[in-house]
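To keep things clear, I will list the structure first and then write my remarks on it.
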Amino acid sequence: MQTTSQLNEVIVVGYGTQRKATLTGAVSSIKGSDIVKSPATNVSNSLVGRIPGLTAVQGSGEPGADGSTLRIRGVNSLGNNDVLVVVDGIAGRSLDRIDPNSIESMTVLKDASAAIYGAQAANGVILITTKRGKLGKPEITFNINEGYNQPTKIPKMANSATYATMLNEIASYAGNPAAYTPAEVTKFGNGSDLWRYPNTDWFKATLKPRSAQSSYNATISGGAENLRYFVSLGARMQDGNYYHSATKYNQYDLRTNIDGKITKNISLVFDVSGRMEDKNYPTRGAGDIFWMVMRGKPTFPAYWPDSTPGPDIEYGNNPVVISTDATGYDKDKYYTLNTNLKLNINIPWIKGLSISGTAAIDKGFDFRKKWQTPWYLYTANFALLDANGHPTLTKGKRGLDQANLNEYSRDELNKTFYGLINYDTKVGNHAIKFLAGAESRTGNSEYFSAFRKYFTSTAVDQLFAGGAAEINNSGSGTVVSRL
């Protein structure tokens, strides 16, 4: 049962607000104070089970690529089924990387309640309202969260003795000689000779038990009658799950929301938010790394007993090596700046009538650099022993014969302009509300890529140091518009 205070609660809906008591559409909301209770570094992962009708499926836990796929009441159209995200009245902005400490509320519009946004709202709408300054003395808050993440469940694989026994059974069924003698199976099990009879748990050798993650946020808000402000600074870090991992994600946020009153009937809103995302990965994707971990045989060493990297499982891949920066790096930096400028005018000679205009410019720039170098693994020669009776190790190049470099950039600019006429008044016990408006959205993106190989040295990871042969570059652009 809802109380009177709950029914009087104001809910953000398309291009405005409405009291909960007068809502007729399918609308659900959640407060920002509830979202920050989850320690997830990605806001989309904090919504699981919190909003009726909204499902969130996280397909990857890789730092920087761990956003959830959001669906409102399932799949509703052919092709793209993404939810439309609207942040402070501007459609098309990202939900994933918003600092949860700056969110005031989040509203989900379902079915007909999202119709005001047209065809782009076929799969529902998520409205996000960020915090604003309140009348009063400056209020300063600090939030620090330090934690760890780990895989939910790691498969338990057969040890080398069990694996050797299974191979012997398979050989027996096929009428072939046993792959290993009973004495060799025993040595696999007791660990008496790890050079010749290793026992490798590839998951344990590649994945750390836990990885660090942290988030820091500081806000200051307040204001007087004619000027209110909210300022937020944030930083987040998430480490990868591999030992000596090349995977790491860092993010830095800034948001300023300013509300000013020019005259009694004219007010101005000016918001600026910026973010830098710094993604670092090995040159092999997480799918390749986990595929190698699954295919790793326990009778093969990840490392030799002297801590030298062991041989490859196949195709030059040893997951304890390709998950590090020994093969080069794949770095991606994304910068975005979002601005809102809104002018509100109350028409004093007509009670309840107001007009408003909003202009928003979003600028984004992405730069990715993938530097691939050869790496080295070691195979053992058991026919040639050293003074300690251990096999000699031979260093072998894997992967590319020489380094190559790919660079990619994306420059994007989106503009949104809309104007609204709003009439809201009461006649006796009846409320009259009228809203009319027009919106224009345009955007363009430009892409560029360049490639070079034949580097004489891996000491210089710049395009100019590459060879003149087989140079390749490309570029393209897109333009979009919606009225």
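The values are calculated or read from the model by the stated rules, or taken from the named source; none is laboratory data. Every value quoted in this text rests on a predicted model; they were computed, and no experiment measured them. All Cβ positions, even for glycine, are placed from backbone atoms using ideal geometry, and neighbour counts span all protein chains on display. Keep in mind that these areas ignore ligands, DNA and RNA; they rest on the heavy atoms of the full protein, side chains included. Shrake-Rupley method; radii C 1.70, N 1.55, O 1.52, S 1.80 Å.
Here are the numbers for this structure:
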| item | result |
| --- | --- |
| Among residues of segment 429-461, those that are without any contact (Cβ under 8 Å) to a residue 12 or more places away in the chain, open to solvent by 70 Å² or more (accessible area, probe 1.4 Å) and either among the aromatic types (Phe, Trp, Tyr) or outside any strand (DSSP E or B) (or both), counted | 3 |
| Some residue of segment 402-422 being aliphatic (A, V, I, L, M) and either over 37 Å from the mean Cα position of the chain (by Cα) or loosely packed, with under 14 Cβ neighbours inside 10 Å (or both) | yes |
| Identity of the residue in segment 411-438, under 19 Å from TRP349 (Cβ atoms) and charged (D, E, K, R), that ends up modelled with the lowest pLDDT | LYS426 |
| Condition broken by ILE220, with the remaining ones in (1) among the hydrophobic types (A, V, I, L, M, F, W, C); (2) more than 24 Å from the chain's Cα centre (by Cα); (3) modelled with pLDDT under 95; (4) part of a strand (DSSP E or B) satisfied | (3) |
| Filter result for TRP375 (aromatic (Phe, Trp, Tyr), in contact with a helix residue (DSSP H, G or I) (Cβ under 7 Å, 6 or more places away or on another chain) and under 20 Å from THR324 (Cα atoms)) | yes |
| Selection from segment 183-218 of residues that are touching a residue at least 40 places away in the same chain (Cβ under 8 Å) and buried (at least 20 other Cβ atoms within 10 Å of the Cβ) | PHE188, TYR197, PRO198, THR200, TRP202, THR206, LEU207, SER211, SER215, ASN217 |
| THR162 being modelled with pLDDT of 95 or more and not in a strand (DSSP E or B) | yes |
| Filter result for the condition that a residue is open to solvent by 50 Å² or more (accessible area, probe 1.4 Å) and touching a helix residue (DSSP H, G or I) at 6+ places or on another chain (Cβ under 6 Å), over ILE140, ILE154, ILE144, ILE170 | ILE154 |
| Residue in segment 199-213 that is over 25 Å from the mean Cα position of the chain (by Cα) and assigned to a strand (DSSP E or B) present | no |
| Of all residues in segment 223-266 being assigned to a strand (DSSP E or B) and small (Gly, Ala, Ser), the one that is farthest from LYS342 (Cα to Cα) | ALA235 |
| Failed condition for THR308, given (1) open to solvent by 30 Å² or more (accessible area, probe 1.4 Å); (2) more than 30 Å from TYR447 (Cα to Cα); (3) of a type in the set (S, T, N, Q) | (1) |
| Check on ASN149, under 27 Å from ASP99 (Cβ atoms), at pLDDT below 95 and not hydroxyl-bearing (Ser, Thr, Tyr) | yes |
| Cross-chain or 6+ apart pairs with Cβ under 9 Å, segment 117-144 first and on the phi > 0 side of the Ramachandran plot, then open to solvent by 50 Å² or more (accessible area, probe 1.4 Å) and of a type in the set (Lys, Arg) | GLY118/ARG482; GLY124/ARG71; GLY124/ARG73 |
| GLY92 vs. criteria open to solvent by 10 Å² or more (accessible area, probe 1.4 Å), small (Gly, Ala, Ser) and closer than 23 Å to ALA360 by Cβ | yes |
| Checklist (1) open to solvent by less than 60 Å² (accessible area, probe 1.4 Å); (2) under 30 Å from PRO282 (Cβ atoms) applied to THR394, failing item | (1) |
| Matching strands (runs of 3 or more DSSP E) fully within segment 322-394 where at least 3 residues are closer than 23 Å to ASP278 by Cα | 328-346, 353-372 |
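One line per residue, one yes/no per condition, for (1) modelled with pLDDT of 95 or more; (2) charged (D, E, K, R); (3) within 24 Å of the chain's Cα centre (by Cα); (4) under 28 Å from THR458 (Cβ atoms):
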site: MET276; (1), (2), (3), (4): yes, no, yes, yes
site: PRO282; (1), (2), (3), (4): yes, no, yes, yes
site: MET294; (1), (2), (3), (4): no, no, no, no
site: VAL321; (1), (2), (3), (4): yes, no, no, yes
site: THR339; (1), (2), (3), (4): yes, no, yes, no
site: PRO348; (1), (2), (3), (4): no, no, no, no
site: LEU353; (1), (2), (3), (4): no, no, no, no
site: ASP366; (1), (2), (3), (4): yes, yes, yes, yes
site: LYS369; (1), (2), (3), (4): yes, yes, yes, yes
